[in-house]
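> Below are the C-alpha coordinates for one structure; questions will follow.
The values are calculated or read from the model by the stated rules, or taken from the named source; none is laboratory data. The structure presented is a predicted model; accordingly, all values stated were derived computationally and were not measured. Cβ placement follows ideal geometry from the backbone for every residue including glycine, while neighbour counts extend to all protein chains displayed. When the accessible area is computed, the model is the full protein with side chains, heavy atoms only, and any ligands, DNA or RNA have been set aside. Shrake-Rupley method; radii C 1.70, N 1.55, O 1.52, S 1.80 Å.
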Amino acid sequence: MQTQERDIAVTAVASATGERSAPVTARPAMGGGFRIDVFDSMAALEAEWRALERDDLASLHQSYDWCTAWVETFRHPLAIVRGSLGDHTAFILPLEIIRERGVRRAEFIGARHSNINTGLFSSEFLQDTAEGLTSAQATAVAEALRGKADIVILRNVPLDWRGRRSPLASLSAVENQNHAFQLPFLGSFEASLKQVNAKRRRKKFKHQSRILDAKGGYEHVIAAPDQQDELLDLFLEQKATRFREAGLPDVFADAPTQAALHRLLRRGNDGFDATLQMHALRLKGEHEGHIPAIAALSRKGDHVICQFASIDEALVAEASPGELLFWLMIERLHREESPSSISASATRTTSAPGVRWRPCSMICSCRYPASVI
(Lines give C-alpha, C1' and ligand atoms only; values in the text may rest on other atoms or scores of the structure.)
Protein backbone atom coordinates (compact mmCIF):
# COMPACT_ATOMS: atom_id res chain seq x y z
CA MET A 1 0.00 0.00 0.00
CA GLN A 2 1.32 3.41 -0.94
CA THR A 3 0.03 6.77 0.22
CA GLN A 4 0.88 9.71 -2.00
CA GLU A 5 2.16 12.77 -0.22
CA ARG A 6 2.78 15.94 -2.17
CA ASP A 7 4.09 19.47 -1.96
CA ILE A 8 1.47 22.15 -2.64
CA ALA A 9 2.23 25.78 -3.32
CA VAL A 10 0.09 28.92 -3.11
CA THR A 11 1.62 32.29 -4.11
CA ALA A 12 0.65 35.65 -2.58
CA VAL A 13 1.11 39.01 -4.23
CA ALA A 14 3.62 41.23 -2.41
CA SER A 15 2.21 44.57 -1.30
CA ALA A 16 4.21 47.55 -2.48
CA THR A 17 3.55 49.39 0.76
CA GLY A 18 4.30 46.45 3.05
CA GLU A 19 1.14 47.23 5.05
CA ARG A 20 -0.72 44.46 6.78
CA SER A 21 -3.55 43.17 4.66
CA ALA A 22 -7.10 43.26 5.97
CA PRO A 23 -9.12 40.06 6.39
CA VAL A 24 -10.57 38.85 3.09
CA THR A 25 -14.18 37.75 2.72
CA ALA A 26 -15.36 35.55 -0.15
CA ARG A 27 -18.48 33.54 -0.94
CA PRO A 28 -17.76 29.85 -1.59
CA ALA A 29 -19.66 27.65 -4.00
CA MET A 30 -21.27 25.81 -1.05
CA GLY A 31 -23.04 29.00 -0.01
CA GLY A 32 -22.82 31.01 3.19
CA GLY A 33 -20.27 33.66 4.13
CA PHE A 34 -16.68 32.47 3.81
CA ARG A 35 -14.02 34.54 5.52
CA ILE A 36 -10.23 34.35 5.72
CA ASP A 37 -8.29 35.93 8.58
CA VAL A 38 -4.51 35.86 8.99
CA PHE A 39 -2.98 36.00 12.49
CA ASP A 40 0.58 36.84 13.45
CA SER A 41 0.44 35.01 16.81
CA MET A 42 -0.96 31.70 18.08
CA ALA A 43 -2.54 32.65 21.41
CA ALA A 44 -5.76 34.15 20.05
CA LEU A 45 -6.56 30.90 18.25
CA GLU A 46 -5.67 28.38 20.96
CA ALA A 47 -9.19 27.27 21.91
CA GLU A 48 -10.43 26.70 18.35
CA TRP A 49 -7.02 25.30 17.32
CA ARG A 50 -7.12 22.65 20.05
CA ALA A 51 -10.73 21.82 19.16
CA LEU A 52 -9.81 21.11 15.52
CA GLU A 53 -6.71 19.07 16.39
CA ARG A 54 -8.85 16.53 18.28
CA ASP A 55 -9.58 14.96 14.90
CA ASP A 56 -7.50 11.76 14.86
CA LEU A 57 -6.67 12.26 11.18
CA ALA A 58 -5.22 15.74 11.75
CA SER A 59 -1.44 15.54 11.86
CA LEU A 60 0.37 15.93 15.15
CA HIS A 61 2.66 18.37 13.31
CA GLN A 62 -0.16 20.91 13.16
CA SER A 63 -1.05 20.50 16.84
CA TYR A 64 -0.81 23.53 19.11
CA ASP A 65 1.91 22.03 21.32
CA TRP A 66 4.08 20.90 18.40
CA CYS A 67 3.88 24.30 16.69
CA THR A 68 4.50 26.19 19.93
CA ALA A 69 7.89 24.52 20.43
CA TRP A 70 9.09 25.56 16.96
CA VAL A 71 7.65 29.08 17.21
CA GLU A 72 9.21 29.74 20.62
CA THR A 73 12.59 28.60 19.33
CA PHE A 74 12.89 29.94 15.78
CA ARG A 75 10.60 33.00 16.15
CA HIS A 76 9.87 33.29 12.44
CA PRO A 77 7.02 35.68 11.60
CA LEU A 78 3.68 33.87 11.58
CA ALA A 79 0.85 33.95 9.04
CA ILE A 80 -1.72 31.60 10.54
CA VAL A 81 -4.64 31.29 8.15
CA ARG A 82 -8.11 30.78 9.60
CA GLY A 83 -11.02 30.07 7.31
CA SER A 84 -14.51 30.64 8.73
CA LEU A 85 -18.02 29.86 7.57
CA GLY A 86 -20.33 32.24 9.35
CA ASP A 87 -19.43 32.06 13.05
CA HIS A 88 -17.74 28.66 12.79
CA THR A 89 -14.05 27.95 12.18
CA ALA A 90 -13.73 25.83 9.04
CA PHE A 91 -9.96 25.34 8.99
CA ILE A 92 -6.62 26.56 10.28
CA LEU A 93 -3.38 26.43 8.31
CA PRO A 94 -0.50 27.13 10.76
CA LEU A 95 2.07 28.90 8.57
CA GLU A 96 5.33 30.69 9.27
CA ILE A 97 7.28 32.99 6.96
CA ILE A 98 10.82 32.00 5.95
CA ARG A 99 12.82 34.63 4.05
CA GLU A 100 15.54 33.27 1.76
CA ARG A 101 17.31 35.01 -1.11
CA GLY A 102 14.83 37.87 -1.06
CA VAL A 103 11.77 35.59 -1.28
CA ARG A 104 9.24 35.31 1.54
CA ARG A 105 8.07 31.70 1.71
CA ALA A 106 5.12 30.66 3.86
CA GLU A 107 5.06 27.02 4.93
CA PHE A 108 3.75 24.85 7.73
CA ILE A 109 5.42 25.64 11.06
CA GLY A 110 8.45 23.39 11.54
CA ALA A 111 7.91 21.81 8.13
CA ARG A 112 11.60 21.03 7.64
CA HIS A 113 11.34 18.39 10.34
CA SER A 114 7.88 16.91 9.72
CA ASN A 115 6.99 14.12 7.34
CA ILE A 116 3.20 14.43 7.31
CA ASN A 117 1.18 17.64 7.26
CA THR A 118 -2.59 17.86 6.91
CA GLY A 119 -3.73 21.25 8.15
CA LEU A 120 -6.67 21.43 10.57
CA PHE A 121 -10.24 21.17 9.27
CA SER A 122 -13.63 21.01 10.97
CA SER A 123 -15.81 17.95 10.42
CA GLU A 124 -18.54 20.14 8.88
CA PHE A 125 -16.13 21.67 6.39
CA LEU A 126 -14.77 18.23 5.47
CA GLN A 127 -18.29 16.98 4.78
CA ASP A 128 -19.08 19.97 2.56
CA THR A 129 -15.82 19.97 0.57
CA ALA A 130 -15.58 16.44 -0.80
CA GLU A 131 -13.92 17.86 -3.92
CA GLY A 132 -11.42 19.91 -1.92
CA LEU A 133 -10.89 23.65 -1.63
CA THR A 134 -12.64 25.54 -4.41
CA SER A 135 -10.77 27.96 -6.64
CA ALA A 136 -12.61 30.82 -4.88
CA GLN A 137 -11.41 29.61 -1.48
CA ALA A 138 -7.83 29.18 -2.72
CA THR A 139 -7.99 32.68 -4.17
CA ALA A 140 -9.24 34.08 -0.85
CA VAL A 141 -6.27 32.48 0.96
CA ALA A 142 -3.82 33.94 -1.57
CA GLU A 143 -5.41 37.41 -1.33
CA ALA A 144 -5.20 37.34 2.46
CA LEU A 145 -1.48 36.51 2.32
CA ARG A 146 -0.68 39.33 -0.08
CA GLY A 147 2.00 41.51 1.46
CA LYS A 148 3.08 38.77 3.85
CA ALA A 149 4.39 36.04 1.56
CA ASP A 150 5.50 35.68 -2.04
CA ILE A 151 4.89 31.95 -2.19
CA VAL A 152 3.29 29.34 0.04
CA ILE A 153 4.64 25.79 -0.09
CA LEU A 154 2.72 23.12 1.81
CA ARG A 155 5.12 20.18 2.01
CA ASN A 156 4.48 16.51 2.72
CA VAL A 157 0.71 16.56 2.39
CA PRO A 158 -0.97 13.16 1.87
CA LEU A 159 -3.61 13.50 -0.83
CA ASP A 160 -5.44 10.56 0.75
CA TRP A 161 -4.86 9.73 4.39
CA ARG A 162 -6.42 6.61 5.89
CA GLY A 163 -9.49 6.78 3.68
CA ARG A 164 -9.99 10.55 3.73
CA ARG A 165 -9.30 12.80 0.75
CA SER A 166 -7.44 15.94 1.77
CA PRO A 167 -9.22 19.26 1.12
CA LEU A 168 -5.83 20.45 -0.16
CA ALA A 169 -5.76 17.75 -2.85
CA SER A 170 -7.64 20.04 -5.25
CA LEU A 171 -4.56 22.26 -5.52
CA SER A 172 -1.80 21.56 -8.00
CA ALA A 173 0.90 19.36 -6.50
CA VAL A 174 4.14 17.53 -7.20
CA GLU A 175 5.32 14.30 -5.60
CA ASN A 176 7.90 14.82 -2.90
CA GLN A 177 11.20 13.10 -3.67
CA ASN A 178 11.55 11.73 -0.13
CA HIS A 179 9.30 8.81 0.69
CA ALA A 180 8.12 7.81 4.14
CA PHE A 181 6.93 4.46 5.46
CA GLN A 182 3.73 3.37 7.17
CA LEU A 183 2.70 0.13 8.86
CA PRO A 184 -1.01 -0.32 9.61
CA PHE A 185 -1.63 -1.93 13.02
CA LEU A 186 -4.09 -4.81 12.86
CA GLY A 187 -5.81 -6.69 15.68
CA SER A 188 -2.67 -8.25 17.13
CA PHE A 189 1.10 -8.04 16.88
CA GLU A 190 1.16 -11.31 14.91
CA ALA A 191 -1.45 -10.02 12.45
CA SER A 192 0.50 -6.79 11.92
CA LEU A 193 3.74 -8.74 11.49
CA LYS A 194 2.27 -10.82 8.67
CA GLN A 195 2.25 -7.69 6.50
CA VAL A 196 6.07 -7.66 6.45
CA ASN A 197 7.12 -11.33 6.11
CA ALA A 198 6.39 -12.55 9.64
CA LYS A 199 8.43 -15.76 9.39
CA ARG A 200 11.64 -13.96 8.42
CA ARG A 201 11.07 -11.22 11.02
CA ARG A 202 10.52 -13.72 13.85
CA LYS A 203 13.62 -15.67 12.83
CA LYS A 204 15.71 -12.50 12.84
CA PHE A 205 14.32 -11.41 16.22
CA LYS A 206 15.32 -14.75 17.77
CA HIS A 207 18.78 -14.44 16.24
CA GLN A 208 19.20 -10.90 17.59
CA SER A 209 18.02 -11.94 21.04
CA ARG A 210 20.43 -14.88 21.17
CA ILE A 211 23.39 -12.61 20.32
CA LEU A 212 22.53 -10.08 23.03
CA ASP A 213 21.50 -12.68 25.62
CA ALA A 214 24.93 -14.27 25.24
CA LYS A 215 26.44 -10.92 26.25
CA GLY A 216 24.18 -10.49 29.28
CA GLY A 217 20.84 -9.42 27.84
CA TYR A 218 19.06 -6.17 26.96
CA GLU A 219 16.02 -4.08 27.83
CA HIS A 220 13.66 -1.67 26.12
CA VAL A 221 13.82 1.67 27.94
CA ILE A 222 11.22 4.45 27.80
CA ALA A 223 12.86 7.53 29.24
CA ALA A 224 11.41 8.96 32.43
CA PRO A 225 10.82 12.74 32.43
CA ASP A 226 14.21 13.40 34.01
CA GLN A 227 15.96 11.11 31.47
CA GLN A 228 14.47 12.48 28.26
CA ASP A 229 16.95 15.28 27.63
CA GLU A 230 19.98 13.09 28.28
CA LEU A 231 18.74 10.46 25.84
CA LEU A 232 17.99 13.11 23.20
CA ASP A 233 21.54 14.46 23.57
CA LEU A 234 22.91 10.94 23.06
CA PHE A 235 20.77 10.59 19.92
CA LEU A 236 22.24 13.83 18.58
CA GLU A 237 25.76 12.50 19.18
CA GLN A 238 25.02 9.17 17.51
CA LYS A 239 23.29 10.81 14.56
CA ALA A 240 26.14 13.29 14.04
CA THR A 241 28.58 10.38 13.87
CA ARG A 242 26.43 8.48 11.36
CA PHE A 243 25.98 11.52 9.11
CA ARG A 244 29.70 12.26 9.25
CA GLU A 245 30.65 8.68 8.37
CA ALA A 246 28.19 8.74 5.47
CA GLY A 247 29.47 12.11 4.22
CA LEU A 248 26.02 13.67 4.66
CA PRO A 249 25.00 17.02 6.19
CA ASP A 250 23.66 16.79 9.72
CA VAL A 251 20.10 18.15 9.66
CA PHE A 252 20.04 18.17 13.47
CA ALA A 253 23.30 20.09 13.93
CA ASP A 254 21.99 23.65 14.34
CA ALA A 255 21.34 24.82 17.88
CA PRO A 256 17.75 26.08 17.28
CA THR A 257 16.63 22.69 15.95
CA GLN A 258 18.13 20.93 18.97
CA ALA A 259 16.49 23.46 21.31
CA ALA A 260 13.09 22.90 19.66
CA LEU A 261 13.39 19.13 20.09
CA HIS A 262 14.19 19.58 23.77
CA ARG A 263 11.12 21.83 24.12
CA LEU A 264 8.94 19.15 22.53
CA LEU A 265 9.92 16.70 25.28
CA ARG A 266 8.08 18.90 27.77
CA ARG A 267 4.90 19.64 25.82
CA GLY A 268 1.70 17.63 25.44
CA ASN A 269 2.84 14.39 27.08
CA ASP A 270 -0.18 13.20 29.07
CA GLY A 271 0.60 9.50 29.49
CA PHE A 272 -1.28 8.47 26.34
CA ASP A 273 -0.62 11.06 23.66
CA ALA A 274 3.01 12.12 23.45
CA THR A 275 4.41 15.05 21.47
CA LEU A 276 7.88 13.49 21.72
CA GLN A 277 8.95 10.46 23.76
CA MET A 278 12.45 8.94 23.84
CA HIS A 279 12.96 5.17 23.59
CA ALA A 280 16.19 3.17 23.70
CA LEU A 281 17.68 -0.31 23.63
CA ARG A 282 19.99 -0.69 26.64
CA LEU A 283 22.44 -3.54 27.13
CA LYS A 284 23.03 -5.55 30.30
CA GLY A 285 25.89 -7.73 31.47
CA GLU A 286 29.12 -7.48 29.49
CA HIS A 287 28.28 -4.00 28.13
CA GLU A 288 26.09 -2.85 31.03
CA GLY A 289 24.38 0.47 30.32
CA HIS A 290 25.54 0.84 26.71
CA ILE A 291 22.81 2.15 24.38
CA PRO A 292 23.21 0.95 20.78
CA ALA A 293 19.87 2.26 19.46
CA ILE A 294 17.59 5.23 20.14
CA ALA A 295 14.25 6.31 18.69
CA ALA A 296 11.78 9.11 19.36
CA LEU A 297 8.07 8.45 19.04
CA SER A 298 5.14 10.82 18.86
CA ARG A 299 1.58 9.67 19.43
CA LYS A 300 -1.66 11.46 18.67
CA GLY A 301 -4.82 9.43 19.05
CA ASP A 302 -4.43 6.24 17.04
CA HIS A 303 -1.39 7.32 14.99
CA VAL A 304 2.22 6.83 16.09
CA ILE A 305 5.14 8.51 14.29
CA CYS A 306 8.79 7.59 14.59
CA GLN A 307 10.27 11.08 14.35
CA PHE A 308 13.91 10.01 14.23
CA ALA A 309 16.23 7.18 15.24
CA SER A 310 19.93 6.43 15.52
CA ILE A 311 22.28 3.50 16.07
CA ASP A 312 25.76 3.04 17.52
CA GLU A 313 27.54 0.14 15.79
CA ALA A 314 30.62 0.23 18.02
CA LEU A 315 29.74 -2.92 20.00
CA VAL A 316 26.84 -5.07 18.79
CA ALA A 317 26.31 -4.14 15.14
CA GLU A 318 25.77 -7.82 14.27
CA ALA A 319 22.56 -7.77 16.32
CA SER A 320 20.99 -4.99 14.20
CA PRO A 321 19.99 -3.05 17.34
CA GLY A 322 17.93 -0.48 15.45
CA GLU A 323 15.63 -3.11 13.98
CA LEU A 324 15.38 -4.84 17.35
CA LEU A 325 14.28 -1.60 19.00
CA PHE A 326 11.55 -1.12 16.40
CA TRP A 327 10.32 -4.66 17.06
CA LEU A 328 10.16 -3.98 20.80
CA MET A 329 8.37 -0.63 20.39
CA ILE A 330 5.76 -2.02 18.01
CA GLU A 331 5.23 -5.11 20.17
CA ARG A 332 4.72 -2.91 23.23
CA LEU A 333 2.23 -0.68 21.41
CA HIS A 334 0.15 -3.76 20.62
CA ARG A 335 0.12 -4.76 24.29
CA GLU A 336 -1.35 -1.38 25.14
CA GLU A 337 -4.43 0.14 23.52
CA SER A 338 -3.28 -0.46 19.98
CA PRO A 339 -3.07 2.52 17.58
CA SER A 340 -4.05 2.18 13.93
CA SER A 341 -0.65 2.77 12.32
CA ILE A 342 2.95 3.77 12.77
CA SER A 343 4.79 6.02 10.33
CA ALA A 344 8.51 6.54 9.97
CA SER A 345 10.55 9.31 8.41
CA ALA A 346 12.80 8.69 5.44
CA THR A 347 15.67 10.30 7.36
CA ARG A 348 15.99 7.31 9.68
CA THR A 349 19.20 5.33 9.84
CA THR A 350 17.56 2.13 11.01
CA SER A 351 15.37 -0.18 8.96
CA ALA A 352 11.88 -0.48 10.39
CA PRO A 353 9.20 -2.76 8.97
CA GLY A 354 6.85 -0.68 6.90
CA VAL A 355 5.12 0.08 3.64
CA ARG A 356 6.47 2.90 1.50
CA TRP A 357 4.30 5.97 1.23
CA ARG A 358 4.83 8.84 -1.21
CA PRO A 359 4.72 12.35 0.25
CA CYS A 360 3.54 15.18 -1.96
CA SER A 361 4.12 18.91 -1.93
CA MET A 362 1.49 21.43 -2.94
CA ILE A 363 2.63 24.69 -4.44
CA CYS A 364 0.13 27.49 -4.84
CA SER A 365 1.25 30.80 -6.27
CA CYS A 366 0.61 34.03 -4.42
CA ARG A 367 2.46 36.27 -6.85
CA TYR A 368 -0.79 36.38 -8.79
CA PRO A 369 -3.39 35.73 -6.14
CA ALA A 370 -5.96 33.86 -8.18
CA SER A 371 -3.49 31.43 -9.67
CA VAL A 372 -2.45 28.00 -8.56
CA ILE A 373 0.68 26.50 -10.11
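> Here are some conditions: (1) outside any strand (DSSP E or B); (2) of a type in the set (Gly, Ala, Ser); (3) open to solvent by less than 10 Å² (accessible area, probe 1.4 Å). ALA51 meets all but one. Which one does it not meet?
Of the numbered conditions (1) outside any strand (DSSP E or B); (2) of a type in the set (Gly, Ala, Ser); (3) open to solvent by less than 10 Å² (accessible area, probe 1.4 Å), the odd one out for ALA51 is (3).
> Taking the condition assigned to a strand (DSSP E or B) and open to solvent by less than 10 Å² (accessible area, probe 1.4 Å), does ALA106 pass?
It is true that ALA106 is assigned to a strand (DSSP E or B) and open to solvent by less than 10 Å² (accessible area, probe 1.4 Å).
> Moving on. Scanning segment 226-265 for residues that are in contact (Cβ under 8 Å) with a residue 24 or more places away in the chain and open to solvent by 70 Å² or more (accessible area, probe 1.4 Å), which turns out farthest from the chain's Cα centre (by Cα)?
Residue satisfying both the conditions and the ranking: GLN227.
> Now a separate question. Is at least one residue of segment 57-74 farther than 25 Å from ALA180 by Cβ, in contact with a helix residue (DSSP H, G or I) (Cβ under 7 Å, 6 or more places away or on another chain) and open to solvent by less than 50 Å² (accessible area, probe 1.4 Å)?
no
> Ok, one more. Among the residues of segment 196-211, count how many are β-branched (Val, Ile, Thr) and either part of a strand (DSSP E or B) or without any contact (Cβ under 8 Å) to a residue 12 or more places away in the chain (or both).
The total comes to 0.
> Restricting to segment 124-137, count the residues that are open to solvent by less than 10 Å² (accessible area, probe 1.4 Å) and in a helix (DSSP H, G or I).
Qualifying residue count, segment 124-137: 2.
> ILE97 fails exactly one of the following numbered conditions: (1) within 27 Å of ALA259 (Cβ to Cβ); (2) without any contact (Cβ under 8 Å) to a residue 60 or more places away in the chain; (3) buried (at least 23 other Cβ atoms within 10 Å of the Cβ). What is the number of that condition?
Single failed check for ILE97: (3).
> May I pose another question? For segment 169-187, state whether one or more residues are at pLDDT 90 or above, among the small types (Gly, Ala, Ser) and under 24 Å from ASP55 (Cβ atoms).
yes
> Right, another one. Conditions: (1) part of a loop (DSSP other than H, G, I, E, B); (2) at pLDDT below 95; (3) among the charged types (D, E, K, R). LYS215 meets all but one. Number of the miss?
Of (1) part of a loop (DSSP other than H, G, I, E, B); (2) at pLDDT below 95; (3) among the charged types (D, E, K, R), only one is false for LYS215: (2).
> Next question, about the same structure. When you scan segment 170-195, how many residues do you find that are outside any loop (DSSP other than H, G, I, E, B), aliphatic (A, V, I, L, M) and open to solvent by 20 Å² or more (accessible area, probe 1.4 Å)? Before you say what the answer is, go through the steps one by one.
Pass one, segment 170-195, residues outside any loop (DSSP other than H, G, I, E, B): 170, 173-175, 180-184, 189-195.
Filter again for aliphatic (A, V, I, L, M), leaving 173-174, 180, 183, 191, 193.
Imposing the further condition that a residue be open to solvent by 20 Å² or more (accessible area, probe 1.4 Å) reduces the set to 173-174, 191.
Final tally of qualifying residues: 3.
> So ALA214 ticks every box in (1) loosely packed, with under 15 Cβ neighbours inside 10 Å; (2) in contact with a strand residue (DSSP E or B) (Cβ under 7 Å, 6 or more places away or on another chain); (3) among the aliphatic types (A, V, I, L, M) but one. Which box is left unticked?
Just one mismatch for ALA214, condition (2).
> Continuing with the same structure: In segment 306-322, what residues are among the aliphatic types (A, V, I, L, M), closer than 13 Å to TYR218 by Cβ and open to solvent by 10 Å² or more (accessible area, probe 1.4 Å)?
The one that is among the aliphatic types (A, V, I, L, M), closer than 13 Å to TYR218 by Cβ and open to solvent by 10 Å² or more (accessible area, probe 1.4 Å): LEU315.
> Listed residues GLU46, GLU53, GLU72; which is free of Cβ contacts under 8 Å to residues at least 40 places away in the same chain and acidic (Asp, Glu)? Explain how you work it out, then say what you get.
On the way: GLU53 fails: free of Cβ contacts under 8 Å to residues at least 40 places away in the same chain; GLU72 fails: free of Cβ contacts under 8 Å to residues at least 40 places away in the same chain.
Of the residues listed, the single one that is free of Cβ contacts under 8 Å to residues at least 40 places away in the same chain and acidic (Asp, Glu) is GLU46.
> On to the next question. Looking at the structure I just gave you, is VAL157 surrounded by fewer than 17 Cβ atoms within 10 Å (Cβ to Cβ), in a strand (DSSP E or B) and either touching a Leu at 6+ places or on another chain (Cβ under 7 Å) or of a type outside the set (Gly, Ala, Ser) (or both)?
Against the criterion (surrounded by fewer than 17 Cβ atoms within 10 Å (Cβ to Cβ), in a strand (DSSP E or B) and either touching a Leu at 6+ places or on another chain (Cβ under 7 Å) or of a type outside the set (Gly, Ala, Ser) (or both)), VAL157 does not qualify.
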